[in-house]
1. Would you be able to tell me the number of residues in segment 103-123 that are at pLDDT 85 or above and within 15 Å of Ile179 (Cα to Cα)?
2. Mind checking which residues of segment 136-170 are assigned to a helix (DSSP H, G or I) and more than 16 Å from Val246 (Cβ to Cβ)?
3. Taking segment 200-232 on its own, how many of its residues are over 27 Å from Glu252 (Cα atoms) and of a type in the set (S, T, N, Q)?
4. Can you go through Val246, Val196 and tell me which one is free of Cβ contacts under 8 Å to residues at least 12 places away in the same chain and of a type outside the set (Phe, Trp, Tyr)?
5. Within segment 40-85, take every residue that is in contact (Cβ under 8 Å) with a residue 24 or more places away in the chain and not in a helix (DSSP H, G or I) and give me the one that is nearest to the chain's Cα centre (by Cα).
6. Being over 29 Å from the mean Cα position of the chain (by Cα) and among the β-branched types (Val, Ile, Thr): is that true of Thr240 here?
7. Quick one: in segment 212-243, of everything that is farther than 20 Å from Ile121 by Cβ and in contact (Cβ under 8 Å) with a residue 60 or more places away in the chain, which residue is surrounded by the fewest Cβ atoms within 10 Å (Cβ to Cβ)?
Amino acid sequence: MCRRVLREIGSLVTPDTLLRWHRQLVARKYDGSQRITGRPPVPAEIAKLVVRMAKENPSWGHTRIRGALLNIGHEVGRNTIARILEDHGIEPAPRRGMSWKTFLRAHWDVIAASDMLTVEIWVGRSLVRYHVLFAIELATRRVNIMGIAQEPYGKWMEQVARNATEGFSGFLLGKEYLIIDRDPRFTKEFRSILDVSGVKIIRTPPRSPNSNAFAERFVRSIKEECLERMIFFSEKQLRTAVSEYVEHYHHERNHQGLANRLIEATGEAANAAGEIVGESRLGGLLNYYRRAA
């Protein structure tokens, strides 16, 4: 079509505009933008479901996940499932392993965690660092102070391990796993004594406090509510403060992780009509309120 003809039929736009539009349409035809290939993408909801099934069921392979999806009305190919998992960085079933959350849930009642916190004590005109070693039951949040020492090394740690597993009152009796960090004070001998007693040691990865979150939370609680609000001048004073706090922690302090309940309630029924009585520990540092009998 020549420019003369374009002038004759073009009443709304110029011939140059029509030619430009024509060139653009030709170019778009061959740039691939109008080409539709392959299957349509999997809806985000189904992809999210594939990832959830893989994470919650480490032993499920692509075929098993495909079957589970068919059960609820979604037909997804094995290759598509494999691609979704690869996109989310999830290994195939034989190498996937059990997630940390699933492991904790499956062994909740037989897991304890241990950690160590430090406190500075004034001795004369200098500060001396003391270490408080404790263990906590994950299921109940019950805490046991395993020892307080200025130098928690070697033989002292070995004796702590024996005390925690021997007789009828060792805190770790009945436990199958103990979570600890990579502090060198948890020596090979310490770990061996627990292993012989049937307590398997689980060491957290380096620089990963969230892997021992329950123990870390107790450290934060006792420091913020007690230890950081006191100045200590003797080991005896420190031991008294720690003992009083643990009593408060078990019997008088509500815990959000336990539906805001006490760890060890007294068993007495609440008396809605009784007088409200305030009780305290450590000179009013720790307070608790109850109804008088």
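The values are calculated or read from the model by the stated rules, or taken from the named source; none is laboratory data. This structure is a prediction, so every number in the text was calculated from the model and none was measured. Please note: Cβ atoms are built from the backbone with ideal geometry, for glycine as well, and neighbour counts cover all protein chains shown.
1. So in segment 103-123, the residues at pLDDT 85 or above come out as 109-123.
Then drop every residue that is not within 15 Å of Ile179 (Cα to Cα), which leaves 109-116.
Adding up the residues that qualify gives 8.
2. So in segment 136-170, the residues assigned to a helix (DSSP H, G or I) come out as 154-165.
Within segment 136-170, Gly154, Lys155, Trp156, Met157, Glu158, Gln159, Val160, Ala161, Arg162, Asn163, Thr165 meet the criteria.
3. 3
4. Details: Val246 fails: free of Cβ contacts under 8 Å to residues at least 12 places away in the same chain.
When all the criteria are applied, what remains is Val196.
5. In the first step, residues of segment 40-85 are kept if they are in contact (Cβ under 8 Å) with a residue 24 or more places away in the chain; the result is 42, 46-47, 49-51, 54-56, 58-62, 64, 74, 76, 80-81, 84-85.
Imposing the further condition that a residue be not in a helix (DSSP H, G or I) reduces the set to 42, 58-61, 74, 76.
Details: Val42: 31, Pro58: 18, Ser59: 22, Trp60: 23, Gly61: 26, His74: 32, Val76: 32 Å.
Of everything passing the filter in segment 40-85, Pro58 is nearest to the chain's Cα centre (by Cα).
6. On the way: over 29 Å from the mean Cα position of the chain (by Cα): yes; among the β-branched types (Val, Ile, Thr): yes.
Yes; evaluated as a whole, the condition is true for this residue.
7. Kept after step one, since they are farther than 20 Å from Ile121 by Cβ, are these residues of segment 212-243: 212-218, 220-221.
Adding the requirement that they be in contact (Cβ under 8 Å) with a residue 60 or more places away in the chain leaves 212, 214-216, 218.
Details: Asn212: 20, Phe214: 19, Ala215: 25, Glu216: 16, Phe218: 20.
Selected residue: Glu216.
Yes/no matrix, rows are residues, columns are (1) of a type in the set (Gly, Ala, Ser); (2) touching a Leu at 6+ places or on another chain (Cβ under 8 Å); (3) in a strand (DSSP E or B):
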position	(1), (2), (3)
Ala215	yes, no, no
Val219	no, yes, no
Glu228	no, no, no
Gln237	no, no, no
Glu244	no, yes, no
Glu264	no, no, no
Tyr289	no, no, yes
